[in-house]
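Please read the structure below before turning to the comments.
The values are calculated or read from the model by the stated rules, or taken from the named source; none is laboratory data. The model shown is predicted, which means the values in this text are computed figures rather than measured ones. Quick reminder, even Gly has a Cβ in these numbers, built from the backbone with ideal geometry, and neighbours come from all protein chains shown. The accessibility values were calculated without ligands, DNA or RNA, using every heavy atom of the protein model including side chains. Shrake-Rupley method; radii C 1.70, N 1.55, O 1.52, S 1.80 Å.
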Amino acid sequence: MKRYLYLLAIPIVSLVFMACMQAKKGDKEMQDIEKPPQEKLSLTDTSLVKVTKSDAEWKKLLTADAYHILREKGTEYPFRNAFYDNHKKGNYFCAACKLPLFSSKTKFESGTGWPSFYDVLDKSRVHEVVDKSLGMVRGEIVCARCEGHLGHLFDDGPSPTGLRYCMNSGAMLFQESK
């Protein structure tokens, strides 16, 4: 009897394994699709002249994830985003209007699963808005140029500011320093 159960278990385990492999392949294909095109980013592009576009224009310019986060105030999954574990040196830009926002010099491991920074490149480049969603009150951080939702601000960060800018990877682009 045990032998028959063992023989039945082999095809079931094989099917489960193949299904997992297909799911991983699907995730990889989705990541490839969602990668934004390589664009020229500049640390000197700091104009705060408002960028205003229609929803249709934003949908054409942004990936589906970036649109959901930046324009619909969405949030990506923790630990399953592009920059939470990025340890490269460089700068982070708004994915919508390309405004330089954060430096890897102020990035730290918060343990939250999202990229976290204790300071911005320039305080005038982001605005804090009161967010009362999900039954709590917190500071929402939006881009000063395009008003895209970037993430939230908390007061549990490290020195010297004591702040934690908890950002969504999908709202940002990264340019590695040479």
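DSSP loop chymotrypsin sites (Phe, Trp or Tyr not before Pro) in the stretch 56-153 with at most 14 other Cβ atoms within 10 Å of their Cβ, which ones?
Phe79
So how much slack lies between Asp155 and Val49, counting 0.36 nm per residue of separation and subtracting their Cα-Cα distance, in nm?
This chain segment gains 35.3 nm when fully extended.
From zero up to wherever the largest Cα-Cα distance of the stretch 81-123 sits, split into 5 Å bins and tell me the percent of pairs in each.
So the P(r) values, bin by bin, are 6, 23, 31, 28, 11, 1.
Just for the Cα atoms in the stretch 57-103, what are the lengths along the principal axes, largest first, rounded to whole Å?
Taking max minus min along each principal axis of the Cα atoms, the stretch 57-103 gives 32, 24, 14 Å.
Please list, in order along the stretch 83-95, the HN-Hα scalar couplings obtained from phi with the Karplus expression 6.51 cos²θ - 1.76 cosθ + 1.60 (θ = phi - 60°), rounded to whole Hz, x for Gly and Pro.
In residue order, the calculated couplings are 10, 4, 10, 7, 10, 6, 7, x, 10, 10, 10, 4, 5 Hz.
Just how many % of Cα pairs in the stretch 97-169 lie over 15 Å apart, if you round to the nearest whole percent?
Of all Cα-Cα pairs in the stretch 97-169, 52 percent lie more than 15 Å apart.
State in Å² the accessible area per residue of the stretch 69-178; use a 1.4 Å probe, count heavy atoms of protein chains only, and round to the nearest integer.
For the stretch 69-178, the per-residue accessible area is 49 Å².
On the principal axes of its Cα set, how long, how wide and how thick is the stretch 32-178? Give whole Å, largest value first.
42, 39, 32
What ³J(HN,Hα) values, in whole Hz, does the Karplus curve 6.51 cos²θ - 1.76 cosθ + 1.60 give for the stretch 109-114 when θ = phi - 60°, with x put for Gly and Pro?
Couplings: 7, 8, x, 8, x, 10 Hz.
Tell me the carbon and sulfur percent of the accessible area for the stretch 50-175, rounded to whole percent, probe radius 1.4 Å.
C and S atoms contribute 52 percent here.
Of the listed pairs Lys132/Lys178; Lys88/Lys132; Lys89/Lys123; Lys73/Lys178, which have alpha-carbon separations greater than 30 Å here?
Pairs exceeding 30 Å: Lys132/Lys178; Lys88/Lys132; Lys73/Lys178.
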